[in-house]
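Read through the structure below, which is laid out as structure tokens, and then see the notes.
The values are calculated or read from the model by the stated rules, or taken from the named source; none is laboratory data. For clarity, every value in this text was computed on a predicted model and none was experimentally measured. Neighbour counts run over all protein chains shown; Cβ positions are idealised from the backbone, glycine included.
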Amino acid sequence: MARAELAYAHGEFDACFKTLERAHILGQRSTRRHVRVHVWMLKVGRRRGDRREIVGQVKRIAAAALFSRIWVPAGNTGGANVPATKPMPIPEDLRRVLEHRR
């Protein structure tokens, strides 16, 4: 998240969002972390003027708050450009991090 926040502060919104997508994969099983990533994605969407991302993130914030502890689609990157319930392949480096946490 620190890298995403730094990229955001420097106006590097594409880099910020890519970092947030990776943070989403790692944090989606924690309600607090999951919601936090979506709030930051919403901020990026607002700065970009991306209406689709804004609407998508508002919905995802609510869903993250309600469902993170029940079920999440593994590997989903969290952006409005992908279906919210679609499982996705987890990058190998992130898979190792997730396996180490168990």
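Some points to look at:
- Members of region 56-96 found to be touching a Pro at 6+ places or on another chain (Cβ under 6 Å) and surrounded by fewer than 13 Cβ atoms within 10 Å (Cβ to Cβ), listed by number: Thr85, Lys86, Pro87
- Verdict on Asp14 being of a type outside the set (Ser, Thr, Tyr), modelled with pLDDT of 95 or more and closer than 22 Å to Pro91 by Cβ: yes
- Search result, residues across region 16-34 that are more than 16 Å from Ile61 (Cα to Cα) and without any contact (Cβ under 8 Å) to a residue 12 or more places away in the chain: Lys18
- Residue selected from region 56-72 under the condition in a loop (DSSP other than H, G, I, E, B) and touching a residue at least 24 places away in the same chain (Cβ under 8 Å), by the criterion farthest from the chain's Cα centre (by Cα): Arg69
- Of the residues making up region 73-102, those that are part of a loop (DSSP other than H, G, I, E, B), closer than 12 Å to Leu26 by Cα and β-branched (Val, Ile, Thr) number 2.
- Qualifying residues in region 44-55 (those that are in a helix (DSSP H, G or I) and not hydrophobic (A, V, I, L, M, F, W, C)) - the one surrounded by the most Cβ atoms within 10 Å (Cβ to Cβ): Gly45
- Taking (1) under 13 Å from the mean Cα position of the chain (by Cα); (2) more than 21 Å from Glu12 (Cβ to Cβ); (3) surrounded by fewer than 16 Cβ atoms within 10 Å (Cβ to Cβ); (4) not aliphatic (A, V, I, L, M) in turn, Glu99 satisfies each apart from (1).
- Count of region 1-30 residues which are part of a helix (DSSP H, G or I) and either more than 18 Å from Pro87 (Cα to Cα) or over 12 Å from the mean Cα position of the chain (by Cα) (or both): 14
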